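Novice: The structure's right below; bear with me while I get my questions together.
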Amino acid sequence: MSERLAARFAALRAQNRAALIAYVMADDPNPDVSLDILRALPQAGADIIELGFPFTDPMADGPSIQRAGLRSLKAGGSLKRTLALLAKFREEDQATPVILMGYANPIEQMGYADFAAAAKFAGADGLIAVDIPPEEDSPLRAALQNENIALIRMATPTTDAARLPKILEGASGFVYYVSVTGVTGAKAIGPAAAREAVQRIKRATDLPVAVGFGVRDAESARAIAEVADAVVVGSAFVDEIAKAVDADRIQDAPQNVAHKVKLLADAVHGAARTAQQESARA
Amino acid sequence: MPDDLRTWRNLPDENGRFGEFGGRYVAETLMPLVHDLERAYREAKASNEFRAELDAFLRDYVGRPSPLYFAERLTAHYGGAKIYFKREELNHTGAHKINNCLGQILLAMRMGKTRIIAETGAGQHGVATATVCARFGLPCTVFMGAVDIERQKPNVFRMRLLGAEVRPVTSGAATLKDAMNEALRDWVTNVENTFYIIGTVAGPHPYPELVRDFQSVIGHEARAQHIEKEGKLPDAVIACVGGGSNAIGLFHPFLQDESVAIYGVEAAGRGIDDRFEHSAAIGGGRPGVLHGNRTYLLQNEDGQILEGHSISAGLDYPGVGPEHAYLHSIGRATYLSATDDEALAAFQLCGQLEGILPALESAHALARVGDVAKQLGAGKSIILNLSGRGDKDIFTVADALGTTLA
Ligand SMILES: Cc1ncc(COP(=O)(O)O)c(C=O)c1O
C-alpha cells in the first residue's frame, strides 16, 4: 500500500482520531478554481482527499456528483487532466494522501499499466473504481500493486457474510463501506446500522474502514466517526461548488467548500472514541 | 475447426465472458443481485415448468411461432438469392421485444420480485415491458430520456395506457444511455424488491446471456421453418443491430452451422466518420466498458461515451452486445452498416413491393439484404429478421420525406 496513506492512518490511530475524507471532482468548476479548492481541503481539516475524475455515465452517482462531472467535462476535464491537476497539487503538498475515484472506461482507454504509472507519477495513493468489482479487478490490481497504489474495495449493505471475505481478500489501503443502498448523496445514512456494519467489517480485517455515500451533516459524521476510521463526505462539498456556480461567483467556491469541510472535520475529529475500539482486534 | 468455434455453444464462460468481452462491471451493491439473478436463471432454465409456462404465453399471448415468409417480389427486385422474412413484426406489440420481456417477467416473479423497472429509447421495449407488467399485475416504471419522450409521444402514451409510470430522464444527454444509467441507479436504490428488465443484450452478465436465450426462439423457429420450406439450411441470415437482441436471437441457433453466413447491420446514421453521427459501435467504435460489460463503444480518446445518431431511435445506442463484439473479433459474423437515407429508401421499397411497412430499425437490414442476395446469387437463400413493424415510425419517415401529417 502507499506509504503516504499508511502513514496517515497510523498517525490518526496514534491520536485516536477518525479521518475526514473529502471528495471533490477534478476540474470542477474549472482547472484553476479546482486547484484552489484542493489546496484548501487539508487546511480546512480534510485528512485524505478523494479526487473524482469525470465520466459521461456515472451510474453510481446521484444528481450532485453527476452535475459536477458534467461541469468538469465542460471545462475540458479528463483522466489525464485529473492527473495533471494532482501533480500540481503535489508541488505544494506531499503529505495528504489522494485517492482517485471514478469509472472503468477512462482507465481502460489509458491502459492499466500506463494508468498505474501515470497515477504514481502524479502522486496518487489509491484508486476507487466504482464499476470494477472484485470479480473483474485482478489485472488492474496487479498493475497498481507494481506502483504501490492501493485498490480500495467496497462493502455495502448487500454484502453478506459469504461475500465479505471475498472483498477483503484482495483489499488494500482501506475498506470503503457504502452505507446506503443507493447512489451518492441521495439517501441519508442510518448511523446505527452503519456503525453495526463497521464493527462487523472490523472484526474481519485489520484494514481501516471508511464510511461514505450518505453522510452530509456534522451529526451523522460524528456518529460514524465514533466507530469508523474515516468518514467520506462528497455531495455536501460538491453542492457548495454548485451553489457558487449558480450564483455566478465561482471565485467563492474554495472558501465556501473550506467552510463546510471545517464544519465536518470538527465533528469527525471531535467524536468520542474509546481506545478499546481501536484495539478491538488486537 | 479453430478452438473458438468449438466453444461457441458454451459461451459466455462462468465469468460472463465472450472471449475478452462481457463481464460484470457494476457497483459492488449490485454484485450480490447479479449473482442471485444468475442462480435464479440457471434454475429456471433447467425447469420444465418454467419452459412450459413461457412457451404457452409465447403461443397464446404473443402469437408464436411467427411466420417465415418468402418475399417474392423483393427477391425478384434484386435478382439474387431468395429472401425470407422472419415476421417478428407480427408479434403482440409489434416487435421482437416481447419475447424477452415475457421471459424476464416470469423470472422476476419466480424470484419473488414485486416491482419492475426498464429503460427505453424508442419506447418499443418500454411498451413491451408495460404490456407484460399489465398482464401479470406488477407495477412498472420505465425510464426514458426527456429528449426521446418528446420524439416518441405515441409510445409514451401507450405505456401510460398500459398503467406504467414513464419517468423522464434529464441527466446527461437525456437519451437511451442516460435512461439506462437511471434504471441502474434505481436498481441500486431499490435492490430488495425490484427486477430490472433490460431490453437488449447489454448490461452485466447474465443479462446478455438470458436476453439472448429468450430471443433465440426467433432463430430456432426460423431454422426449422426454412428446412421445412427449402429442405436445407439458409445460406445467410441478416438482422439489424442496435444493442443486438433481435440479431443474436436469429444468429445464435445458426452459429454452429458453418455454411451459414451471418450479417449484422449497424446504423451508419449520416456516415461513419469522426463526427460520430452514427450508431455503429463495431464499425466505428473501440472496445471499452459501459453499462456492465466490455464491448465496442462510441467514445473519445479519454473514454468518454459519445451520443451517436440514427434516424431509428431503437438503434441509437453507443454500445453493442458483448457477444456481437466477440463474433466480430473471431470473424464468425460480419457487421455491415446502412445510413439513414439507405434505411429510408429500404423502408419505402419494402412497403411498395411487399405491402409491409417495416420498423426503421429493421429497414437497416433491408437496406443491405440486396447486396447479400446478389452476392450469393440465385439458388441460395437468406433469412432477414423483420424485427418490428413500422407504424411507430410514420411520423419520423414523414418528417424525413418532407411531408407533414395532420
Ligand atoms: C423493431 C426493433 N428492431 C430492433 C431494435 C434494436 O434493438 P436490438 O438490436 O436489441 O434488437 C429495436 C429497439 O427498439 C426495435 O424496436
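Novice: Between A:Ala272 and A:Glu219, what length comes free when the chain is fully extended (0.36 nm per residue of separation minus the Cα-Cα distance, one decimal in nm)?
Specialist: 17.8 nm
Novice: Using DSSP, restrict attention to beta bridges with both residues in the protein assembly as shown and report what percent are antiparallel, rounded to the nearest 5.
Specialist: Bridges in the protein assembly as shown that DSSP calls antiparallel: roughly 20 percent.
Novice: For segment A:77-91, list residues with backbone N below 13 Å from a point placed 7 Å from the Cα of B:Glu301 toward its Cβ?
Specialist: It comes to A:78-81, nothing else.
Novice: Might you report the magnitude of the Cβ-based charge dipole of chain B about its Cα centre, with Lys and Arg at +1 and Asp and Glu at -1, to the nearest 20 debye?
Specialist: Dipole magnitude for chain B comes out near 880 debye.
Novice: Over chain B, what is the mean sequence separation of C-alpha contacts under 8 Å (at least six apart), divided by residue count, expressed as relative contact order in percent?
Specialist: Relative contact order, chain B: 20 percent.
Novice: Can I ask one more? In which sequence would B:Thr131, A:Thr159, B:Thr404, B:Thr334 go, from the one with the fewest C-beta neighbours within 10 Å to the one with the most?
Specialist: Lowest count first: B:Thr404, B:Thr334, A:Thr159, B:Thr131.
Novice: Right, next: Tell me, in nm to one decimal, what length is gained between A:Ala161 and A:Arg13 on full extension, where the rule is 0.36 nm per residue of separation less the Cα-Cα distance?
Specialist: 50.6 nm
Novice: Using a ≥ b ≥ c from the Cα gyration tensor of segment B:194-308 (square roots of the eigenvalues), is it rounded, prolate or oblate, where a/c under 1.5 gives rounded and otherwise the larger of a/b and b/c decides, a/b for prolate?
Specialist: Verdict is oblate for segment B:194-308.
Novice: In addition: According to a simple spin-label model (label point 7 Å from Cα along Cα-to-Cβ), what is the distance in nm between B:Thr403 and B:Arg135?
Specialist: Those two pseudo-labels are separated by 3.3 nm.
Novice: With chain B treated as a Gaussian network of Cα nodes joined by springs under 10 Å, which of B:Leu327, B:Leu184, B:Leu11 yields the largest mean-square fluctuation?
Specialist: B:Leu11
Novice: Report the charge-dipole magnitude of segment A:3-279 in Debye, nearest 20, computed about the Cα centre from +1 at each Lys and Arg Cβ and -1 at each Asp and Glu Cβ.
Specialist: 440
Novice: Give me the Kirkwood hydrodynamic radius of chain B, using the inverse of the mean 1/r over all pairs of distinct Cα atoms, in Å to one decimal.
Specialist: 20.8
Novice: Further question on the same structure: Going by how many other Cβ atoms sit within 10 Å of their own, how do A:Glu196, A:Glu50 line up, fewest first?
Specialist: Fewest-to-most ranking of A:Glu196, A:Glu50: A:Glu196, A:Glu50.
Novice: Something else now. With each pseudo-label sitting 7 Å past Cα toward Cβ, what's the B:Arg167-B:Glu49 distance in nm, one decimal?
Specialist: 3.3
Novice: Using a/c under 1.5 as the rounded threshold, could you call segment A:3-279 rounded, prolate or oblate? The axes a ≥ b ≥ c are square roots of the C-alpha gyration tensor eigenvalues, and prolate needs a/b larger than b/c, oblate otherwise.
Specialist: Taking the square roots of the gyration eigenvalues as a ≥ b ≥ c, segment A:3-279 is rounded.
Novice: Ok, one more. Shape verdict for the protein assembly as shown, please, from the Cα gyration tensor: rounded (a/c under 1.5), prolate (a/b greater than b/c) or oblate.
Specialist: In terms of gyration-tensor shape, prolate.
Novice: Here is a follow-up. With springs only between Cα atoms under 10 Å apart, run a GNM on chain B and tell me which of B:Arg275, B:Arg286, B:Arg160 wobbles the most.
Specialist: Sorting by GNM fluctuation, first place goes to B:Arg275.
Novice: Another one. Report the antiparallel proportion of the DSSP beta bridges in chain A as a percent, rounded to a multiple of 5.
Specialist: 0
Novice: Another question, then. R0 = 30 Å: FRET efficiency of B:Tyr61 with B:Arg160, Cβ-based, nearest 0.05?
Specialist: 0.90
Novice: How much length is gained if the chain between B:Ile330 and B:Ala345 is pulled fully straight, taking 0.36 nm per residue apart and subtracting their Cα-Cα distance, in nm to one decimal?
Specialist: Value of the extension gain: 2.2 nm.
Novice: I would also like to ask the following. Quick check for you: which residues of segment A:96-130 have the amide N under 11 Å from the point 7 Å beyond the Cα of A:Lys80 toward its beta carbon?
Specialist: Label zone hits: A:110.
Novice: If you take each beta carbon of peptide B:27-38 and count the beta carbons of other chains within 10 angstrom, what is the mean?
Specialist: Mean inter-chain Cβ contacts per residue within 10 Å come to 6.
Novice: Which of the listed residues, B:Tyr326, A:Leu164, B:Ala122, is farthest toward the dipole's positive end in the protein assembly as shown, when Lys, Arg count +1 and Asp, Glu count -1 at the beta-carbon?
Specialist: It is A:Leu164.
Novice: Write down the percent of antiparallel bridges among all DSSP beta bridges whose residues are both part of chain B, to the nearest 5.
Specialist: Here the share of antiparallel DSSP bridges comes out near 30 percent.
Novice: Then there is this: Counting alpha carbon pairs within less than 8 Å and at least 6 residues apart, what relative contact order, in whole percent, applies to chain A?
Specialist: Computed over chain A, the figure is 24 percent.
Novice: Please report, in Å, the Rg and the Dmax of segment A:12-104, where both are computed over Cα atoms only.
Specialist: Reported Rg and Dmax, both Å: 13.3, 43.
Novice: Please report how many Lys pairs in chain B have alpha carbons closer than 15 angstrom, counting only residues at least 8 apart along the chain or sitting on separate chains.
Specialist: 10
Novice: Counting partner chain Cβ atoms within 10 Å of every residue's Cβ in A:50-57, what's the average?
Specialist: 5
Novice: Neighbour counts of other C-beta atoms within 10 Å: give me B:Lys374, A:Lys202 arranged from fewest to most.
Specialist: B:Lys374, A:Lys202
Novice: Pick from A:Phe55, A:Phe121, A:Phe213: which is most flexible by mean-square fluctuation in a GNM of chain A where alpha carbon atoms under 10 Å apart are linked?
Specialist: A:Phe121
Just so you know, all these numbers are worked out from the coordinates, no wet-lab data involved. For clarity, every value in this text was computed on a predicted model and none was experimentally measured. Please note: Cβ atoms are built from the backbone with ideal geometry, for glycine as well, and neighbour counts cover all protein chains shown.
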